[in-house]
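**Student:** Starting off with a structure, shown below.
The values are calculated or read from the model by the stated rules, or taken from the named source; none is laboratory data. Computed from a prediction, not measured in an experiment: that's the story for all the values here. Glycine also receives a Cβ, built like all others from the backbone with ideal geometry; neighbour counts cover every protein chain displayed.
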Amino acid sequence: MTTDKFTKEFEAFRGQLKSYILRMTASVQDTEDIVQDTFIKAHSNLASFKGESTPKTWVFAIASNLARDFLKSKKRWTENTTDICKEAALQNQQFFQEAMHIRQTSPQGQFEIREHISFCFTCVSKSLPLEQQLTLLLKEVYEFKVRDIATIIDNTEAMVKYYLHTARTKMTDIFEHRCSLINKKGICHQCTELNGIFNPKQNAQEELVKIQMVKDAESKNKEELLDLRMKIVKALDPFESPAAELQLHHLEHNRKVMERYLEEK
Amino acid sequence: MKVSSLILLLMTSAVSMAQNATTVKKTFSRETTVSIDIKADASIVWALLTNASDFPRWNSTIISLEGEIKKGEKIRLKSTLDEKRIFKLKVKEMDTEKRMVWGDGKGMRVYTITENGNGIAFNMTEKIGGLMFPMYAKYIPPFDASFNQFATDLKKEAEIISNTK
């Protein structure tokens, strides 16, 4: 493959690669670094690319390895991440001042509930073991086939299926117990609470019924609701959406809070 | 009963018998074994058997399993066999995707996985015993039902995973 052709191909999926790494690291800066290192590594090893997979699969394998190396020494987040981060945010006036400033001045400062659902998915999926998280993302958000994921994570198809199944089961279970959008007894209402802060004149109920997952909460089973949730995640680019700056600010806050929390634990 | 129905009944019994746990009782020991064929890759079965915290999710005989299932490590098992007790076991042997042994001073549980061309054959054996065994034997509940359930749960979960698209 020529350098020009590779660069063109890379640019075509760069956005997806970037959001994939962001969903693993929860850090914009580290995402930029890993994506750049991936390009450099792939570019300099272009001669070793034999076309046994697509360039996209090959590049995602390189990026996944770099992300794994980066995350190796970091502890996984906890299932109640959103509770911990909410508590920290409530004690941090600066966080809300910054967020409100973004909300009022940035063209990417809107608050949308579906954006927050996607953000929440990123935070909660960081509580899965790393191999499970990346397998789930690769399959359900970036639509790689099991065979390609096996290439990307350098494991067998059987193990990819195992990671995928356990990841899905755990995520289903966590949301079933926590998310008030799909379960009236759910303990987390953050998306509607934040909507009340950032969109005080908006009727949250009217917004919620526009979301298929919420509309179907009582008629679909919990696995189908997870699929609908992942459909929301799939449809959003966390760097390009109208809510990007506000959500990335929030993600940066959560990452710092969780790193401090896990260090002290 | 028609002859064909009788043959069918016998065949069905033979299939379920293959999954039925058996116990051999002796004066100083008791050994329970269960076997089952599973249409799944050995790596899937191995992954299910070696991820401690994941056990209660798919295995209805396990209430909790704490610790890391690695050779030399100690694990703490709470089972439906006796919900009030926590069994402190040591992982004594690990031969990846083939054999694993857990045990304590009173007994030993051996798991084996054998490729059979259409998946794997799973076998689980627990032998408890010793010189003092006759004194406490009556306090140990029978394992057969629990072993059957363990094997059935393992087969179900491994085959669901194996059929993931």
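**Student:** Quick check on segment B:76-95. Is at least one of its residues in contact with an Asp or Glu (Cβ under 6 Å, 6 or more places away or on another chain), farther than 30 Å from A:THR156 by Cβ and free of Cβ contacts under 8 Å to residues at least 40 places away in the same chain?
**Tutor:** Yes, there is a match, as at least one residue in segment B:76-95 is in contact with an Asp or Glu (Cβ under 6 Å, 6 or more places away or on another chain), farther than 30 Å from A:THR156 by Cβ and free of Cβ contacts under 8 Å to residues at least 40 places away in the same chain.
**Student:** Please determine, by comparing only the residues of segment B:120-165 that are in a helix (DSSP H, G or I) and among the charged types (D, E, K, R), which one is farthest from the other protein chains (Cβ to nearest Cβ).
**Tutor:** Restricting to residues being in a helix (DSSP H, G or I) and among the charged types (D, E, K, R), the top hit is B:LYS138.
**Student:** Just checking, how many residues over segment B:37-65 are buried (at least 19 other Cβ atoms within 10 Å of the Cβ), β-branched (Val, Ile, Thr) and closer than 19 Å to B:THR114 by Cα?
**Tutor:** Final tally of qualifying residues: 3.
**Student:** Does A:LEU136 satisfy being crowded, with 22+ Cβ neighbours inside 10 Å, on the phi < 0 side of the Ramachandran plot and part of a loop (DSSP other than H, G, I, E, B)? Explain how you work it out, then say what you get.
**Tutor:** Numbers: crowded, with 22+ Cβ neighbours inside 10 Å: yes; on the phi < 0 side of the Ramachandran plot: yes; part of a loop (DSSP other than H, G, I, E, B): no.
No.
**Student:** Follow-up. Residues being away from every other protein chain (no Cβ under 11 Å) and in a helix (DSSP H, G or I): count how many of those fall in segment A:151-166. First the steps, then the outcome.
**Tutor:** Pass one, segment A:151-166, residues away from every other protein chain (no Cβ under 11 Å): A:151-154.
Cutting the leftovers down to in a helix (DSSP H, G or I) gives us A:151-153.
Matching residues across segment A:151-166 total 3.
**Student:** Quick check, is B:LYS165 at pLDDT below 95, closer than 27 Å to A:SER127 by Cβ and surrounded by fewer than 17 Cβ atoms within 10 Å (Cβ to Cβ)?
**Tutor:** Taking the combined requirement at face value, the residue satisfies it.
**Student:** Sticking with this one: Please state which of the following conditions A:VAL160 fails to meet, knowing it meets all the rest: (1) modelled with pLDDT of 95 or more; (2) surrounded by fewer than 16 Cβ atoms within 10 Å (Cβ to Cβ).
**Tutor:** (2)
**Student:** Could you check segment A:201-244 for helices (runs of 4 or more DSSP H) lying wholly inside it with 3 or more residues that are within 10 Å of A:ARG114 (Cβ to Cβ)?
**Tutor:** Those helices (runs of 4 or more DSSP H) span A:212-215, A:222-235.
**Student:** Condition test on A:TRP58, is it surrounded by 15 or more Cβ atoms within 10 Å (Cβ to Cβ), of a type outside the set (Ser, Thr, Tyr) and outside any helix (DSSP H, G or I)?
**Tutor:** Judged against the criteria, A:TRP58 is not a match.
**Student:** While we're here: Scanning for something of a type in the set (A, V, I, L, M), away from chain B (no Cβ under 14 Å) and closer than 21 Å to A:PRO242 by Cβ, does segment A:114-121 turn up at least one residue?
**Tutor:** Within segment A:114-121, one or more residues are of a type in the set (A, V, I, L, M), away from chain B (no Cβ under 14 Å) and closer than 21 Å to A:PRO242 by Cβ.
**Student:** Checking the conditions here, which among A:ALA88, A:ALA67, A:ALA47, A:ALA42 is in a helix (DSSP H, G or I), over 18 Å from the mean Cα position of the chain (by Cα) and either closer than 24 Å to A:VAL146 by Cα or among the charged types (D, E, K, R) (or both)?
**Tutor:** A:ALA42
**Student:** Spot the failing condition for B:MET100; the list is (1) in contact with a strand residue (DSSP E or B) (Cβ under 6 Å, 6 or more places away or on another chain); (2) in contact (Cβ under 8 Å) with a residue 24 or more places away in the chain; (3) within 17 Å of B:PRO141 (Cβ to Cβ); (4) of a type outside the set (Ser, Thr, Tyr), and only one is missed.
**Tutor:** Only one criterion is unmet by B:MET100, namely (3).
**Student:** Taking segment A:2-14, which residues are surrounded by 13 or more Cβ atoms within 10 Å (Cβ to Cβ) and under 30 Å from A:PRO129 (Cα atoms)?
**Tutor:** Of everything in segment A:2-14, those that are surrounded by 13 or more Cβ atoms within 10 Å (Cβ to Cβ) and under 30 Å from A:PRO129 (Cα atoms) turn out to be A:PHE10, A:PHE13, A:ARG14.
**Student:** Another question about this same structure. Considering every residue within segment B:36-58, establish whether at least one is out of contact with any Lys or Arg (no Cβ under 9 Å at 6 or more places or on another chain) and within 30 Å of B:MET135 (Cα to Cα).
**Tutor:** No - not one qualifying residue is present in segment B:36-58.
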